[in-house]
1. Just name the residue that is surrounded by the fewest Cβ atoms within 10 Å (Cβ to Cβ) out of those in segment 513-528 that are among the aliphatic types (A, V, I, L, M) and either in a helix (DSSP H, G or I) or touching a Leu at 6+ places or on another chain (Cβ under 6 Å) (or both).
2. Mind telling me which of the residues L468, L476 ends up being under 27 Å from G149 (Cα atoms), modelled with pLDDT of 95 or more and in contact with a helix residue (DSSP H, G or I) (Cβ under 9 Å, 6 or more places away or on another chain)?
3. Could you run through segment 481-512 and say how many residues are under 19 Å from the mean Cα position of the chain (by Cα) and either of a type outside the set (D, E, K, R) or not in a loop (DSSP other than H, G, I, E, B) (or both)?
4. Just to check your reading of the model, which residue among L441, L456, L468 is closer than 16 Å to L372 by Cα and over 23 Å from the mean Cα position of the chain (by Cα)?
5. Return the only residue of D390, D336, D375 being under 30 Å from W440 (Cβ atoms) and either in contact with a Gly (Cβ under 8 Å, 6 or more places away or on another chain) or not aromatic (F, W, Y) (or both).
6. Condition check: modelled with pLDDT of 95 or more, assigned to a helix (DSSP H, G or I) and outside the structural domain of V41 (by TED's automatic domain parsing). Does R418 satisfy that?
7. For segment 34-79, give me each residue that is farther than 27 Å from L156 by Cα and assigned to a strand (DSSP E or B).
Amino acid sequence: MNTAVPLADDLLQQLRSLLGKDAVLDSPAEREAFSADVYQVGVTCAAVVRPRDKQTAAAAIGLSTRAGYDVIGRGGGMSYTGGYTPIHSNSIVFDTSALNRIVEINAADMYITVEAGVTWQQIYEAVAPLGLRLPFFGTFSGARATVGGGLSNGALFMATARYGTAAEMLLGLEVALADGSILRTGQAGFANVTKPFYRTYGPDLTGLFVHDTGALGIKLQATLRLIRAPAERDYLSFVFPDIESAARALSEVARSDVAEEAYVFDPESTRKNLSAGDFAQDLKTLAGVVKGQSSVFKGLKEGAKLVAAGRNFIEGDVFSLHVVCAGRSAAAVASDVTACRAIIAKLAGKEIVNSIPKAVRAMPFPAMNAVLGPDGDRWAALNAKVAHSDAVAIIRGADKILNEHRDEMAAKGVTLTRLLIAISNHAFSYEPVFHWFDSWLPVHRRTPEPQYLAKLKEPPANPAAAELVQRLRGRLVAYFASIGAASNQIGKTYLYGESLLPTTRTLVESLKQAVDPEGRMNPGALGLPRASAPTGER
């Protein structure tokens, strides 16, 4: 760990005067904690700032860059791709989680405007009493993950099979640029506009700042589309003997548009998920199942099924496909369920009890205990997005690489799980996750609930396993780039800049130069070079 020299006294005083004394953290412990993500430790930053309003946030960014410091935006802190880990010691991490106000819920025009630090759970709970929902409405980490972080890094999961990712429901942004100015995109970027209801009047400026990992600016506010929450839901689960048959079924369900959620767990993922809870969590899940149904009778009926199934309802090393069907009426949902069963019947899947998707939807935003495995193990994920017709090919290509290291993985205690997700009817997400026992990072000690953490014991440092995980991640990232796969959470891990065609890269670099001429915004992200040599490096 590289312990940076603390922030220069003159800038420290300016920032505290602007933001408030308690909004600028400069203790070694805080600086080190905010310089590490779920997977890796960066160079220790010079300070952490936590602005509470948009105007002072933008002003603080301008102060910092003019003083020769790099500026790095951080949302919920759930990145595992170096999205906010500094690469220079003269870096200031801007923690946007205190920008957590819901600005407007407009049910007449079906949009919501929120500050960047608002979480997916916060939105879900605010609009549910109005019978509303976001189309895509959150990630696994939605209790902590923020809108700003999700739009910077490609948030997906809840209802992604029908509605795509967070980016596809975005109407406009407010972004703080490197000089401290605030840029408004979408309809809000025009004079005489009172409602940010539209995105694409002219060139899509909003899209420029999506999935940029904060390299073009720090998101302060976002406007997102709303939909009326589906009145009816049903759940299906199926098992397959191998990952390829499960992947084919997932893609066919996605193509048919019969589900708003569809994903595949491998055998080890299922075992981990089913062993991770406790009695209190089970009760919360059961209450969520009962509450989440369209009638009390149906809620009690579905809750009883969940209790009867218990935790041992999946036998053997099978791959399980889980589906959520949703619609305006019971008849519409029943039709989708029938169509889904017909698809699976042709692909030799076997239907099982639907406890997993039912439980996930009952508690879509659990406490973030899962930053650690159920035995205190660490994990690090990767992801690649391909067309549905390339799903089996990417699984085979990744397996070829991983099989070369099976013996070494076994010897060093590194295991692998895989998650497959349908992204609308046009994309397939392949997510390999490495697990190993190793000393914890600050996020592992700070994020889980105390009662969960108390049951675990921190393992000793395991440099041999950590080195192998890093090597395997590097090989897979290179393979994904070689087949032209897309990824979310680009951060400083994926070969984005290196993989662009020359004309495209020139345009991206020109955009970076236009909004951040000195390359102060999250240098190293997107694989883009700093426009000029760093000054003020300490």
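1. Kept after step one, since they are among the aliphatic types (A, V, I, L, M), are these residues of segment 513-528: 514-515, 521, 525-526, 528.
When the remaining residues are screened for being either in a helix (DSSP H, G or I) or touching a Leu at 6+ places or on another chain (Cβ under 6 Å) (or both), the result is 514-515, 525-526.
Numbers: A514: 10, V515: 19, A525: 28, L526: 23.
So, considering only residues that are among the aliphatic types (A, V, I, L, M) and either in a helix (DSSP H, G or I) or touching a Leu at 6+ places or on another chain (Cβ under 6 Å) (or both), the one surrounded by the fewest Cβ atoms within 10 Å (Cβ to Cβ) is A514.
2. Details: L468 fails: under 27 Å from G149 (Cα atoms).
Criteria check complete, one pass: L476.
3. Keep residues of segment 481-512 that are under 19 Å from the mean Cα position of the chain (by Cα), which gives 485-496.
Filter once more, keeping what is either of a type outside the set (D, E, K, R) or not in a loop (DSSP other than H, G, I, E, B) (or both): 485-491, 493-496.
Of the residues in segment 481-512, 11 are under 19 Å from the mean Cα position of the chain (by Cα) and either of a type outside the set (D, E, K, R) or not in a loop (DSSP other than H, G, I, E, B) (or both).
4. On the way: L441 fails: over 23 Å from the mean Cα position of the chain (by Cα); L468 fails: closer than 16 Å to L372 by Cα.
One residue alone meets the criteria, L456.
5. Details: D390 fails: under 30 Å from W440 (Cβ atoms); D336 fails: under 30 Å from W440 (Cβ atoms).
The match here is D375.
6. Judged against the criteria, R418 is not a match.
7. A47, V48, V49, D70
Listed here are the residues, each with its yes/no results for (1) surrounded by fewer than 18 Cβ atoms within 10 Å (Cβ to Cβ); (2) touching a residue at least 60 places away in the same chain (Cβ under 8 Å); (3) over 30 Å from L526 (Cα atoms); (4) charged (D, E, K, R).
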site: Q187; (1), (2), (3), (4): no, no, no, no
site: T194; (1), (2), (3), (4): yes, no, yes, no
site: G214; (1), (2), (3), (4): no, yes, no, no
site: Y235; (1), (2), (3), (4): no, yes, yes, no
site: F238; (1), (2), (3), (4): no, yes, yes, no
site: V253; (1), (2), (3), (4): no, yes, yes, no
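The values are calculated or read from the model by the stated rules, or taken from the named source; none is laboratory data. Since this is a predicted model, take the numbers as computed values, not measurements. Every residue, glycine as well, gets a Cβ built from its backbone with ideal geometry; the counts of neighbours run over all protein chains shown.
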